[in-house]
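Have a look at the structure below, then the notes.
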Amino acid sequence: MTAANLEAMYQEIILDHYKNPHGKGLRDPFEAEVHHVNPTCGDEITLRVHVAGDKIEDISYDALGCSISQASASVLNDLVVGKTVDEAMVIHEEFLRLMQGKGQVEPDEDVLEDGIAFAGVAKFPARIKCALLSWMAWKDATAKTLAEEK
Amino acid sequence: MKGLLPDLDLVRKDFPILERTFDGGETPLVYLDSANTSQKPQIVIDTMVDHLERHNANIARAMHHLGAEATEAFEGARDIVARFLGAPERDEVIFTKNASEGLNLVANTVPLAAGEVVVTTEMEHHSNIVPWQIATQRTGATLKWFGLTDDGQLDLSNIDELITPATKIVALTWVSNMLGTVNPVAEIARKAHEVSALVVIDASQAAPVLPINLSAMPEEERPDFLVFTGHKVVGPTGIGVLWGRRAALEALPPFLGGGEMIATVTMEKSTYAPIPHKFEAGTPPIAEAVGLGAALEYLMHVGMENIHAHEQAITAYALERLASVPGVTVLGPADAAQRGGAISFELDGVHPHDVAQVLDSKGVAIRAGHHCAKPAHQRFGVQASNRMSSYLYTTPAEIDALVEGLEYVRSFFKLDQ
């Protein structure tokens, strides 16, 4: 990997989120809590969602892991809290498309905001799971919340 | 530096991959991940290619020239393994897929019952924990384990509570893949044999660096089973070894049923081949076994005593250099004489994945994560660690490159600001 690739991966935005994660910590109230791990590297996240009506009021989390997985959880919190579940799913889909795009996908900045910083990570297959850990946990927790409402 | 292989330059030339560079030739490979898998000398590559080009056939059944040659090569590899281990008998050497399969073979076939105890340790690779969890859950036996001291040694203070007449198996690693600790296997085996427990040694990290001579061990200190994997001893993947004392192997029922492991078969029942074939159902990895034979011949040619001395010299140098990097904490024994070639460490403020990623940009290959030893990490309150591991081709200059790389990691993540 060249130095340029390294810089592309560790964007300042990612390092900032890593050092000052947004919304970190577990909070009440919540409707669902999940615990996800990345078995290959041991990264872990415990994540809670609080949904009122169809609005996501809070995502709180406690996580252990690398800068990519921690920054991703922080960006998730930024992007998704305050949105409706449907809006959040659209953002999730766009983030997933970016991460699975092998570095060939041009991300939609209007949708992903700081999340576009992860474009460089998508070139490193070993790190894609790091970026997706919190998003998968959120999707799982949200599905549990919705299932309980029914 | 005392202890280094005198022909280190020549040894390095035997490993073509060490010529690899990245970034269009700018960045040379610094391979410090040999505890994960070792690199392969040309003689291993050539031996496997030659086998496939000139001698390939199935073994022990084909009535033709090639069949005889392939059988001879495969059984010849068994002889080499026996010589490498100093095994009392060559038929005690069973070829498996890897060390995990060897451990699973024993865990699946050894008789266990409720009230009986299997003892392992907190520093095991998952492959020497999970099979015993499955076996004890299946049989109702109890799993217990040795804890660890703060400096990464086995805590033997409660050995008399762990090893009792109820203990049937004591399974432990000779050298820890995470902490590097060399365990007192002779002492533990002696204790286990006093209560007639079987001793299972995971030699995956020991076989690459320690001279092993089973025949020279006093019988009461000799393990009953020992496993290692080919790819960590400069051999190929897909081949491992289970050595077992003849009587202990004969007492076990077969593991996998199939071709090659039988004496005769009717639709009602079968009788089984004697060891080693009893435990080698199906067509084995033939070229891989032949490659493993070449690998062990290579190591014996360099000399296991010399390789061990080299490892100790490099490890001592690495421990000294790592101590000079601000924020680095080494896990496990501080004394190189008590260690194998794996050194796990933390860099304060940077997650291991990020350390490894940035080092990789400088061509330095290490491992980051839990190294398949989550309980040992948990014991020391760390979620993941960095691990550098050397081998007979590692130079002091490569340790310097690691240390320079770590300084770069510190500046990249602005740790001094």
Extreme residue, farthest from B:ARG339 (Cα to Cα), among residues of the range B:123-140 that are among the aliphatic types (A, V, I, L, M) and in contact with a Phe, Trp or Tyr (Cβ under 9 Å, 6 or more places away or on another chain) = B:ILE129
Which condition breaks for B:PRO284 when tested against (1) surrounded by fewer than 19 Cβ atoms within 10 Å (Cβ to Cβ); (2) in a loop (DSSP other than H, G, I, E, B)?
-> (1)
Determine whether the range A:54-77 contains at least one residue that is β-branched (Val, Ile, Thr), touching an Asp or Glu at 6+ places or on another chain (Cβ under 7 Å) and surrounded by fewer than 23 Cβ atoms within 10 Å (Cβ to Cβ).
-> no
Residue tally, condition of a type in the set (Asp, Glu) and more than 30 Å from B:SER344 (Cα to Cα), over the range B:26-58 = 3
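Residues are listed down the side, and each one gets a yes or a no for (1) within 17 Å of B:ILE94 (Cα to Cα); (2) in the same structural domain as B:GLU89 (by TED's automatic domain parsing); (3) outside any strand (DSSP E or B); (4) in contact with a Ser or Thr (Cβ under 6 Å, 6 or more places away or on another chain):
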{"position": "B:PRO211", "(1), (2), (3), (4)": "no, yes, yes, no"}
{"position": "B:GLU220", "(1), (2), (3), (4)": "no, yes, yes, no"}
{"position": "B:PHE228", "(1), (2), (3), (4)": "yes, yes, no, yes"}
{"position": "B:HIS231", "(1), (2), (3), (4)": "yes, yes, yes, yes"}
{"position": "B:VAL234", "(1), (2), (3), (4)": "no, yes, yes, yes"}
{"position": "B:TRP243", "(1), (2), (3), (4)": "yes, yes, no, no"}
{"position": "B:GLY257", "(1), (2), (3), (4)": "yes, yes, yes, no"}
{"position": "B:MET267", "(1), (2), (3), (4)": "no, yes, yes, no"}
Give me the pairs: first residue in the range B:346-361 and over 16 Å from B:THR329 (Cα atoms), second residue among the acidic types (Asp, Glu) and surrounded by fewer than 23 Cβ atoms within 10 Å (Cβ to Cβ), beta-carbon distance under 9 Å, and six or more apart or on different chains, which are they?
-> B:SER361/B:ASP23
Residues being farther than 17 Å from B:GLY282 by Cβ and in contact (Cβ under 8 Å) with a residue 60 or more places away in the chain - total across the range B:242-252 = 6
Complete set of residues in the range B:340-355 that are surrounded by fewer than 24 Cβ atoms within 10 Å (Cβ to Cβ) and within 12 Å of chain A (Cβ to nearest Cβ) | B:GLY349, B:VAL350
Considering each of B:ASP151, B:ASP160, B:ASP91 in turn, give the residue that is surrounded by fewer than 22 Cβ atoms within 10 Å (Cβ to Cβ), assigned to a loop (DSSP other than H, G, I, E, B) and of a type in the set (Asp, Glu).
-> B:ASP151
With respect to A:ALA137, determine if the residue is part of a helix (DSSP H, G or I) and at pLDDT 95 or above.
-> yes
Restricting to the range B:308-339, what's the tally of residues that are at pLDDT 95 or above, in contact with a helix residue (DSSP H, G or I) (Cβ under 8 Å, 6 or more places away or on another chain) and surrounded by 23 or more Cβ atoms within 10 Å (Cβ to Cβ)?
-> 4
Report yes if some residue within the range B:122-132 is over 20 Å from the mean Cα position of the chain (by Cα) and in the same structural domain as B:HIS231 (by TED's automatic domain parsing); otherwise report no.
-> no
Do we have B:ALA373 as touching a helix residue (DSSP H, G or I) at 6+ places or on another chain (Cβ under 6 Å) and either at the interface with chain A (Cβ under 10 Å from one of its Cβ atoms) or closer than 25 Å to B:PRO211 by Cα (or both) here?
-> no
Across the range A:1-32, what is the number of residues that are among the polar types (S, T, N, Q), at the interface with another protein chain (Cβ under 10 Å from one of its Cβ atoms) and either loosely packed, with under 15 Cβ neighbours inside 10 Å or under 12 Å from A:VAL75 (Cβ atoms) (or both)?
-> 1
Kindly indicate which of B:ILE275, B:ILE307 is assigned to a loop (DSSP other than H, G, I, E, B) and hydrophobic (A, V, I, L, M, F, W, C).
-> B:ILE275
Taking B:LYS191, is it in contact with a Pro (Cβ under 9 Å, 6 or more places away or on another chain) and at negative phi?
-> no
With B:VAL44, B:VAL81 as the choices, which residue is buried (at least 22 other Cβ atoms within 10 Å of the Cβ), touching a strand residue (DSSP E or B) at 6+ places or on another chain (Cβ under 8 Å) and assigned to a helix (DSSP H, G or I)?
-> B:VAL81
Filter result for the condition that a residue is surrounded by fewer than 17 Cβ atoms within 10 Å (Cβ to Cβ) and either among the hydrophobic types (A, V, I, L, M, F, W, C) or without any contact (Cβ under 8 Å) to a residue 40 or more places away in the chain (or both), over A:THR40, A:THR84 | A:THR84
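The values are calculated or read from the model by the stated rules, or taken from the named source; none is laboratory data. All figures in this text were calculated on a predicted structure; none of them were measured in a lab. In this analysis, Cβ positions are derived from the backbone assuming ideal geometry, glycine residues included, and neighbour counts consider all displayed protein chains.
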